[in-house]
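In what follows, a single structure is set out as structure tokens and then discussed.
The values are calculated or read from the model by the stated rules, or taken from the named source; none is laboratory data. What you see is a predicted model; the values in this text were computed from it and never measured. Note that we place each Cβ from the backbone using ideal geometry, even for glycine, and neighbour counts take in every protein chain shown. Ligands, DNA and RNA are excluded from the accessible area calculation, which covers all protein heavy atoms including side chains. Shrake-Rupley method; radii C 1.70, N 1.55, O 1.52, S 1.80 Å.
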Amino acid sequence: MRQVGAEAGLRFAGTRVELTPPPGSPLAGYAARGEAVAAGTHDPLEAVLLSVRDARPAGERVTWVVLDAVAADGGLARAVANAVGAALDCPPDAVLVCATHTHSGPAGWIRRVHPAFPDSADEAMRAELVRRVGAAAAGLAGTEREVRSLVADGPAPGIGTNRTDPAGPHDPSVGLLALIETSGAVSGLLVDHACHATVLGHDNLSWSADWPGAARRTLAAALAAGRPFADGSEPGPRSAPTVAVVQGSAGDASSRFIRRAQ
């Protein structure tokens, strides 16, 4: 992993909110499922919010909102951006709405994103998602802390390959944006790695954030545990950071040829 940049003089606030709907609604992501509905929850579906502001007077803000959904269509993205912008008193175009591309999220959250799928959008489900994300954004007020940013990138082999030919072209890189407090604790982490969230196959009938959710939980726990300092002393207790995983363009990257278990 190489460091490619750092910047101080920032303010950061982050949170996550559970979005998991009740069972009984159709899942999205696999045409092979047909109209099968969710029978339960494997792990929670969430929205993760990371908000960074220039600490100088009138400093600009950027906020990432990452949804555990197969996609975020234009209408949903605009509604979420408007809700978050209103809560944080910032322009909606400063809110970046992304999806983890899990294939185990609700079909009701999205408009048709592929000719093979029907338009199964459920307006009540979409409105509830927007309401929860907006409420979470409003709760960020007053929780900002001083941070410096660290940007790094490097390889992450073993997560995916080319989805049609394991020997075909594939980008294994991962990018990181870490928001680090003056104490050295990581408060927020944005991870960028392109790989379809399809560790759970079409036979899975439970809500799941798939590998992005597992990555969030694992990274948050590891960073909260901390590591010894260079002088051998132990860091003090740390709270778990807010971790978000974004896909960029997942394209032809998939875990289908190398996943070991589901």
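Numbers for the structure displayed
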| read-out | value |
| --- | --- |
| Contact order relative to length of the chain, as percent, for alpha carbon pairs under 8 angstrom and 6 or more apart | 24 |
| FRET efficiency estimate (nearest 0.05) - Cβ-Cβ, Ala32 to Asp54, R0 41 angstrom | 0.30 |
| Inter-label distance, nm, simple model (7 Å from Cα along the C-beta direction), Ala135/Asp203 | 3.8 |
| Share of Cα-Cα pairs in the stretch 92-225 lying beyond 25 Å, as whole percent | 43 |
| Calculated from backbone phi, Karplus (6.51, -1.76, 1.60) coupling profile of the stretch 33-43 in Hz, x at Gly/Pro | 6, x, 9, 4, 10, 5, 9, x, 10, 7, 8 |
| Å² of accessible area per residue within the stretch 91-247, as computed with a 1.4 Å probe and no ligands counted | 47 |
| Added length on full extension, which subtracts the Cα-Cα distance from 0.36 nm per residue, Thr143 to Ile258 | 37.3 nm |
| For the stretch 160-168, 3J(HN,Hα) per residue [Karplus equation, 6.51 cos²θ - 1.76 cosθ + 1.60, θ = phi - 60°, Hz, x = Gly/Pro] | x, 9, 4, 6, 10, 8, x, 9, x |
| On Cα atoms only, tilt of 74-88 relative to the major axis of the chain in degrees | 30 |
| Candidates per GluC sites (Glu not before Pro) in the stretch 1-100, loop by DSSP, up to 12 other Cβ within 10 Å | Glu35, Glu60 |
| Förster radius 35 Å - calculated FRET efficiency between Ala8 and Thr164 (Cβ-Cβ, nearest 0.05) | 0.20 |
| Evaluated at q = 0.12, 0.13, 0.17 Å⁻¹: base-10 log I(q)/I(0), Debye formula over Cα of the chain | -0.74, -0.87, -1.38 |
| Size descriptor, Kirkwood hydrodynamic radius, that averages inverse alpha-carbon separations across the stretch 56-170, Å | 16.7 |
| Gain upon complete extension [Leu96, Ala124; 0.36 nm per residue less C-alpha separation] | 7.8 nm |
| Principal semi-axes in Å for the stretch 1-133 [√(5λ), Cα gyration tensor, largest first] | 31, 16, 13 |
| Extension gain, Asp89 back to Arg111 (0.36 nm per residue minus Cα-Cα distance, nm) | 5.1 nm |
| Angle between the chain longest axis and helix 210-225 axis [Cα atoms, degrees, rounded to 10] | 20 |
| Neighbourhood charge, 10 Å Cβ-Cβ cut-off, centred on Trp109 and excluding it, Lys, Arg +1 and Asp, Glu -1 | -2 |
| Summed side-chain charge close to Arg33 - residues other than Arg33 whose Cβ falls under 15 Å, Lys, Arg +1, Asp, Glu -1 | -3 |
| Degrees separating the helix 123-138 axis from the principal Cα axis of the chain, which is the longest one | 10 |
